[in-house]
Amino acid sequence: MTGDTIELEGIQPWSHKTPVLYHAELTLKDAQGTVQEVVPYDIGFRRFEMKDGIMCLNGERVVFNGVNRHEWNPEKGRAIDADDMNAAMAVLKANNINAVRTCHYPDQSLWYDLCDKNGIYMIDETNLESHGSWQKLGAIEPSWNVPGSLPEWKDCVVDRARSMLERDKNHAAVLIWSCGNESYAGEDILAMTQFFHAKDPSRLVHYEGVVHNRAFAAITDMESRMYAKPWEIREYLESKPEKPFILCEYMHDMGNSLGGMESYVKLAEEYPQYQGGFIWDYMDQAIWHTDVMGRKVLGYGGDFGERTTDYNFSGNGIVYADGAEKPAMQDVRYWYASPADRAAQDAANAAAAAQADRTLAEAWQSRRATPWW
């Protein structure tokens, strides 16, 4: 490497509204000057930082109108392809979704390219979940949990963090590294955060599990919770906290749910330190199969004769497993819109309702009188 600094004038910062990328080519030569490899890469320039307890992108407060996204296809399971990813990206853009958490593992690299190009903010999550080791029969019981502070697991989990960072570090879309999901807390996960901070001070680190063990609060740069009630969040925000608040999971969209989004969205308009959340989750995890009537349907737990089962607990997406939008998406699209866009939609609805009333009244007045006898 020459070590030369390249200065560029007039750079437009990368963001959701302006996902501007600049094309670069990196050429690798050997000692004799023979080209060994050429890597084309699209680069976005942006600055993500914590300012006075608020996460800021390019100097401005950011609010995550996000979803959690598993990699899923109803025909092929987790073996998704480019068509699946492009279809998902189109849905995100059509419904005012600006952020994705890669629950609970890093995704295929193409997805990061698409997020770069479309201005989708990412929480990139390490492949780690050990829920069953510390939550037993529904109770928090961490007398033995993995990785915890077990020395034999430390290098393993830090290596997972390193693998993710080294692969994804050049993506503008990745704003936050996540240490994993629902794995309690301990010295090993703290070591992951320390690695992230040392290796990449340009990003923040997320981890929700410290809510169960505040002794390890240093693991996360933000207060992150799952399914907290709006009044619980309000109580936190009014306590003059050092860290901003996000919901890494909320609005569990199972069955006829997703009501009450307004209570959360309004918090972002009242409190600068409330910086949004990530709906659980994007897509139902279901598989095509033929039912007893000979119909091709999406099958959930129990539809394949297995017992014990969680039935449709994996059916909690805002789209069905085939990508079709659920009715709940109307709420997502509305509440993830800007206040100005919501006001415009409300006005259009009110005008349409008034016109319908006038049309009905005119039809009633002009009806042909029919005598009764």
**OP:** Report, by residue number, each residue of segment 302-318 that is in a loop (DSSP other than H, G, I, E, B), out of contact with any strand residue (DSSP E or B) (no Cβ under 9 Å at 6 or more places or on another chain) and exposed (fewer than 12 other Cβ atoms within 10 Å of the Cβ).
**Re:** Gly305, Glu306, Arg307, Thr308, Asp310
**OP:** Look through Gln275, Gln285 and report the one residue that is touching a residue at least 12 places away in the same chain (Cβ under 8 Å) and not in a loop (DSSP other than H, G, I, E, B).
**Re:** Gln275
**OP:** Starting from residues that are charged (D, E, K, R) and assigned to a helix (DSSP H, G or I), keep the ones in segment 319-354 and report whichever is farthest from the chain's Cα centre (by Cα).
**Re:** Asp346
Original post:
Name the residues in segment 161-185 that are in contact with a His (Cβ under 8 Å, 6 or more places away or on another chain) and not acidic (Asp, Glu), would you?
Top reply: Ile176, Trp177, Ser178, Cys179, Gly180, Asn181, Ser183, Tyr184, Ala185
Original post:
Looking at Gly323, is it under 14 Å from Ala88 (Cβ atoms) and either surrounded by fewer than 20 Cβ atoms within 10 Å (Cβ to Cβ) or at pLDDT below 95 (or both)?
Top reply: yes
Original post:
Applying the selection to segment 31-77, what residues are free of Cβ contacts under 8 Å to residues at least 60 places away in the same chain and either of a type in the set (A, V, I, L, M) or touching a His at 6+ places or on another chain (Cβ under 8 Å) (or both)?
Top reply: Ala31, Val35, Val38, Val39, Pro40
Original post:
Can we say Arg333 is open to solvent by 50 Å² or more (accessible area, probe 1.4 Å) and farther than 28 Å from His16 by Cα?
Top reply: no
Subject >> Test set (1) open to solvent by less than 10 Å² (accessible area, probe 1.4 Å); (2) closer than 23 Å to Leu237 by Cβ - Glu49 fails condition number >> reply: (1)
Original post:
Could you list, in sequence order, the residues of segment 133-181 that are among the polar types (S, T, N, Q) and under 21 Å from the mean Cα position of the chain (by Cα)?
Top reply: Ser163, Asn170, Ser178, Asn181
**OP:** Could you check, for segment 152-160, whether at least one of its residues is out of contact with any His (no Cβ under 8 Å at 6 or more places or on another chain) and either β-branched (Val, Ile, Thr) or part of a loop (DSSP other than H, G, I, E, B) (or both)?
**Re:** yes
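Return yes or no: is Val38 in contact with a Leu (Cβ under 8 Å, 6 or more places away or on another chain), surrounded by fewer than 13 Cβ atoms within 10 Å (Cβ to Cβ), hydrophobic (A, V, I, L, M, F, W, C) and at pLDDT 95 or above?
The answer is yes for Val38.
The values are calculated or read from the model by the stated rules, or taken from the named source; none is laboratory data. Treat the numbers as computed from the prediction; the structure is a model and nothing was measured. Backbone-built Cβ (ideal geometry, glycine too); neighbour counts: all protein chains shown. What goes into the accessible areas is simple: the full protein's heavy atoms, side chains included, and nothing from ligands, DNA or RNA. Shrake-Rupley method; radii C 1.70, N 1.55, O 1.52, S 1.80 Å.
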